[in-house]
Amino acid sequence: MTTHSSPYSTLDLEGVRTFLTSLPAIAARLGGTPDEWRVWEVSDGNLNMVFVAEGPEGGVCLKQALPHVRVDPAWKMPLDRTFFEAAYLRAVFPHVPDLTTECLHFDPEQFILIVPSLSGHTVMRTAMMAGHYHPAVAAQVGDFVARSTFATSLLAEPFERVMDRRICFARNQTLTRITVDLVLTDPYHDHPRNHWADPQLTPIVAALRTSPAVQARIDSLRLRFLCTPQALLHGDLHTGSIMTTGTDTRIIDGEFATYGPIGFDAGLFIGNLILNLFATPDRAGQAVHLDMIQTFWTSFKTRFLALWQEREWAEDRSTLYYATTDKSTQNFEKSLFIQNVFQDIAGFCAAEIIRRSIGYAHVADFSVLTDQSTRTTRQKAALLFAKDCLEQKKPLKSLADFLELLYLHMSAL
Ligand code: SR1
Ligand code: MG
């Protein structure tokens, strides 16, 4: 029998029941007796095993790391990713309790994380693929990015606390390596992990790989990702990491957490909205996506600047970097900060679109288009938009610049 003090072993359904039985607080949350609990597997992502257990009183979600990539057992991997997900939840949950889940338990031997289950919630990507866009989610995710990043940045905390957390998350090197390779390197070179089924994408891939402007920009984004520890990032904020009922929204799966540029999380989210936009056949649906991009950005910016302002009113002045300057200098510095975040967003958004189209881990969004030629036209348009975002023949300094470029590429649909 596997218990929580045994050496690591991958749990099956009965192992999950036994494990949960050994945790009095979790067993009490489920209620009833273990034989009354319903336990089933819901693994969906690329890396881990995920189970849900429901009892008469409540439900939990149990996630266990495997010694390999779940969808590719030949790709071996250390188990520590659930540790970093638990650490991420513990760091950000106090700041976003309404937008993520609480870490109820972490087992450092079995590499198991337990959080409350989300009943009635759907994965945002699945909802969007079914044509359910839930515009309110964009504002909630903007709020999540603002609150989670501000709270873990030097703008909110003395540098000693930030540095301690940076030391912890700097150890999340296996998953950071995945991001550096899969998101910010492989698609720009010939690599066996890359793939795309449609030969009509091949000339665009070749153009990406031979464009000096693309190469230079992706090199600089890779450096920014590794050398700009502005805040604690979720690290994989795509629409599969968001669950929603339409009104209640929770960000899950923070195992890629690391310190990095704030525009990384925001860029991944917008990149995935845009992938779905290009996969959406009707203009009305596309208009909702455009609204969601604007809503996300307004929500993020408004909340981030409000938190910054509140911090300036606090008694502890150790985090006030622009506090001694006059108001207009202060506002100028803040708008420069936000503008830099936006420029990162444009870059990381483009990198996400490209890697989800021609890299290792694609998105399912385009599979709703059954007509091959429609799918090709739309995937090409998404890739060409991303290429232009990286090349920036006209600099993308604001959301208006970014949307203008997006409209241009939407006209090909
Ligand atoms: C081998 S992991 C591939 C991808 O799945 C995860 O969800 C991340 O997005 C990662 O890049
Ligand atoms: Mg994930």
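The values are calculated or read from the model by the stated rules, or taken from the named source; none is laboratory data. All values derive from a computational prediction rather than experimental measurement. All Cβ positions, glycine included, derive from the backbone under ideal geometry; neighbour counts span all protein chains shown. Quick note on the areas: whole protein, heavy atoms, side chains included, nothing else; ligands and nucleic acids left out. Shrake-Rupley method; radii C 1.70, N 1.55, O 1.52, S 1.80 Å.
Is there a residue being within 18 Å of Leu89 (Cα to Cα), in a helix (DSSP H, G or I) and of a type in the set (Phe, Trp, Tyr) anywhere in segment 171-190?
no
In segment 22-44, how many are within 16 Å of ligand 2 (Cβ to nearest atom) and open to solvent by less than 40 Å² (accessible area, probe 1.4 Å)?
Total meeting the criteria: 1.
I'd like the residue in segment 195-216 that is open to solvent by 20 Å² or more (accessible area, probe 1.4 Å) and either in contact with a Phe, Trp or Tyr (Cβ under 8 Å, 6 or more places away or on another chain) or hydroxyl-bearing (Ser, Thr, Tyr) (or both) and, out of all such residues, is farthest from ligand 2 (Cβ to nearest atom).
By that ranking, first place goes to Thr210.
Can you tell me which residue among Ile252, Ile242 is open to solvent by 20 Å² or more (accessible area, probe 1.4 Å), within 16 Å of ligand 2 (Cβ to nearest atom) and not hydroxyl-bearing (Ser, Thr, Tyr)?
Answer to the check: Ile252.
Looking at segment 304-313, is at least one residue crowded, with 17+ Cβ neighbours inside 10 Å, out of contact with any Phe, Trp or Tyr (no Cβ under 9 Å at 6 or more places or on another chain) and aliphatic (A, V, I, L, M)?
Checking segment 304-313: at least one residue is crowded, with 17+ Cβ neighbours inside 10 Å, out of contact with any Phe, Trp or Tyr (no Cβ under 9 Å at 6 or more places or on another chain) and aliphatic (A, V, I, L, M).
Checking the structure you have, find out if any residue of segment 314-332 is of a type in the set (Phe, Trp, Tyr) and closer than 29 Å to Thr126 by Cβ.
For segment 314-332, residues of a type in the set (Phe, Trp, Tyr) and closer than 29 Å to Thr126 by Cβ: absent.
Tell me yes or no: at least one residue of segment 299-308 is among the basic types (Lys, Arg) and closer than 18 Å to Leu237 by Cα.
Looking through segment 299-308, at least one residue is among the basic types (Lys, Arg) and closer than 18 Å to Leu237 by Cα.
Condition check: of a type outside the set (Gly, Ala, Ser), open to solvent by 10 Å² or more (accessible area, probe 1.4 Å), free of Cβ contacts under 8 Å to residues at least 60 places away in the same chain and within 30 Å of Thr126 (Cβ to Cβ). Does Arg283 satisfy that?
yes
Would you confirm whether or not segment 341-359 contains a residue that is open to solvent by 10 Å² or more (accessible area, probe 1.4 Å) and more than 30 Å from Leu175 (Cβ to Cβ)?
No, segment 341-359 has no match at all.
Out of segment 360-402, which residues are under 20 Å from Val214 (Cβ atoms), outside any helix (DSSP H, G or I) and away from ligand 2 (no atom under 16 Å from the Cβ)?
Gln392, Lys393, Lys394, Pro395, Leu396, Lys397 - these are the residues of segment 360-402 that are under 20 Å from Val214 (Cβ atoms), outside any helix (DSSP H, G or I) and away from ligand 2 (no atom under 16 Å from the Cβ).
Tell me whether segment 171-185 contains one or more residues that are within 16 Å of ligand 2 (Cβ to nearest atom) and under 20 Å from Gln379 (Cβ atoms).
Taking every residue of segment 171-185 in turn, at least one turns out to be within 16 Å of ligand 2 (Cβ to nearest atom) and under 20 Å from Gln379 (Cβ atoms).
Within segment 21-104, which strands (runs of 3 or more DSSP E) (wholly inside it) include 1 or more residues that are within 14 Å of ligand 1 (Cβ to nearest atom)?
48-54, 59-65, 72-76
Test Ala306 against the criterion of being closer than 20 Å to Asp401 by Cβ, assigned to a helix (DSSP H, G or I) and away from ligand 1 (no atom under 16 Å from the Cβ), and give yes or no.
Criteria not met by Ala306.
Scanning for something open to solvent by 40 Å² or more (accessible area, probe 1.4 Å), outside any loop (DSSP other than H, G, I, E, B) and over 22 Å from Gly271 (Cα atoms), does segment 149-159 turn up at least one residue?
Checking segment 149-159: at least one residue is open to solvent by 40 Å² or more (accessible area, probe 1.4 Å), outside any loop (DSSP other than H, G, I, E, B) and over 22 Å from Gly271 (Cα atoms).
In segment 256-289, what residues are part of a helix (DSSP H, G or I), under 30 Å from Leu155 (Cβ atoms) and either more than 16 Å from ligand 2 (Cβ to nearest atom) or outside the structural domain of Ala350 (by TED's automatic domain parsing) (or both)?
Ile262, Gly263, Ala266, Gly267, Ile270, Leu273, Ile274
Suppose we filter Leu99, Leu47, Leu89, Leu66 for residues that are touching a strand residue (DSSP E or B) at 6+ places or on another chain (Cβ under 8 Å) and more than 14 Å from ligand 2 (Cβ to nearest atom); which single one remains?
Going through Leu99, Leu47, Leu89, Leu66 in turn, just one is touching a strand residue (DSSP E or B) at 6+ places or on another chain (Cβ under 8 Å) and more than 14 Å from ligand 2 (Cβ to nearest atom): Leu99.
It is to be established whether one or more residues within segment 331-350 are of a type in the set (Ser, Thr, Tyr) and in a helix (DSSP H, G or I).
Within segment 331-350, one or more residues are of a type in the set (Ser, Thr, Tyr) and in a helix (DSSP H, G or I).
Go through segment 258-301 and give me each residue that's under 30 Å from Phe83 (Cα atoms) and touching a Pro at 6+ places or on another chain (Cβ under 7 Å).
Result: Tyr259, Gly260.
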